[in-house]
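Here the structure comes first, spelled out in structure tokens, and everything after it is commentary.
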Amino acid sequence: MRIGSYQLENNVIVAPMAGITDRPFRQLCRRLGAGLAVSEMLSSNPLVWKTEKSMNRMDHNGESGIRAVQIAGADPELMAQAAQFNVSNGAQIIDINMGCPAKKVNKKLAGSALLQFPDLVEEIIDAVVSAVDVPVTLKIRTGWDQSNRNGVEIARIAERYGIASLAVHGRTRACMYKGEAEYATIRDIKRSVSIPVVANGDITSPEKAKQVLDYTGADAIMIGRAAQGRPWIFREIDHYLRTGKHLPVPPIEEVRGILMEHLVNLHAFYGEPMGARIARKHVSWYLQTHDSDGQFRRVFNVLENPQAQIEALEQYFITLAAN
């Protein structure tokens, strides 16, 4: 799959997730098989660009692969400025967020709230595409609610105004993350435009990835929540799509190595005490299978010191290997 002038290594993409797809997570997913990893959502409000939170989200220092940055907002001029600012900061692809269902985003008419206003969608896309000389992509949902699935209309606007690739989550905004994703709208969108289309939503296994690609005709798939605590899902899916065969389940020693690498990188990236606090949710995701009763996670979640976290996990895996 190509996005503008950029050739992806494969067609398995990391979805942008606020508070999750920071640089350590993106780099880990890339190393474990993702063809592209999109950054966390960045506000188009220039007043927050210098905050610690935004500076972390904009950090691409030493990052390998294509640097794709997602921006969110409802003002065409501010969105254009945000695109220019992020390109000057190293972004090689700008992604426009029109898919986030969060209330705090939607109340500002950003994210998926924009799907209610096709004219404003048009203005924003036109402003951003015109403002930068890098490819601009778009992420949407199938519509605002089940009575207003206007994904095809939005997709045609996107194509008309120069969007290089379109990612579609198979739910409406009203659905949030409840129920099951539907792919018929994604299939309709793919049939209605000639730009690359990326299918997203409830893709949790290699088999599901192939089913969704076959059904929708999409050019790629995007993985979000299924990668939390399981970043090797990208190589599993890529291998299955290429060969039709499954990779073996990663042995516990490899899981330990991946988790420890992720933990140390989070500590280094955020420093104390934030690195240790952010690490808690990731460790919880990694250990859901092995620590089914949550006993270790309850102990881990009160640790504030990075070294204490590392030592606790090392001891946990020693005990796990011995049983």
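Quick rundown of the values:
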| item | result |
| --- | --- |
| Subset of segment 166-213 (residues that are of a type in the set (Ser, Thr, Tyr) and either surrounded by fewer than 20 Cβ atoms within 10 Å (Cβ to Cβ) or under 25 Å from Glu236 (Cβ atoms) (or both)) | Tyr177, Tyr183, Ser192, Ser194, Thr204, Ser205 |
| Subset of segment 32-67 that is without any contact (Cβ under 8 Å) to a residue 24 or more places away in the chain and in a helix (DSSP H, G or I) - its residue that is surrounded by the most Cβ atoms within 10 Å (Cβ to Cβ) | Ser54 |
| Residue in segment 79-96 that is closer than 24 Å to Ile237 by Cα, at pLDDT 95 or above and under 13 Å from the mean Cα position of the chain (by Cα) present | yes |
| Tabulated pairs, segment 288-303, first over 25 Å from Glu272 (Cα atoms) and open to solvent by less than 40 Å² (accessible area, probe 1.4 Å), second modelled with pLDDT of 85 or more and among the basic types (Lys, Arg), C-beta under 9 angstrom, 6+ apart or interchain | Asp291/Arg297 |
| Qualifying positions in segment 219-232 - touching a residue at least 40 places away in the same chain (Cβ under 8 Å) and either of a type in the set (A, V, I, L, M, F, W, C) or not in a loop (DSSP other than H, G, I, E, B) (or both) | Ala220, Ile221, Met222, Ile223, Arg225, Ala227, Trp232 |
| Leading residue by the ranking (nearest to the chain's Cα centre (by Cα)) among those in segment 176-215 that are closer than 22 Å to Asp95 by Cα and polar (S, T, N, Q) | Asn200 |
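Residues checked against (1) outside any strand (DSSP E or B); (2) in contact with a helix residue (DSSP H, G or I) (Cβ under 9 Å, 6 or more places away or on another chain); (3) in contact (Cβ under 8 Å) with a residue 60 or more places away in the chain:
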| residue | (1), (2), (3) |
| --- | --- |
| Ala74 | yes, yes, no |
| Ala82 | yes, yes, no |
| Asp95 | no, no, yes |
| Lys108 | yes, no, no |
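The values are calculated or read from the model by the stated rules, or taken from the named source; none is laboratory data. Just so we're clear, the structure is a prediction, and the values are computed from it rather than from any experiment. Heads up, the Cβs are rebuilt from the backbone with ideal geometry, glycines too, and the neighbour counts pull from every protein chain shown. Remember, those area values only see protein heavy atoms, side chains included, never the ligands or the DNA or RNA. Shrake-Rupley method; radii C 1.70, N 1.55, O 1.52, S 1.80 Å.
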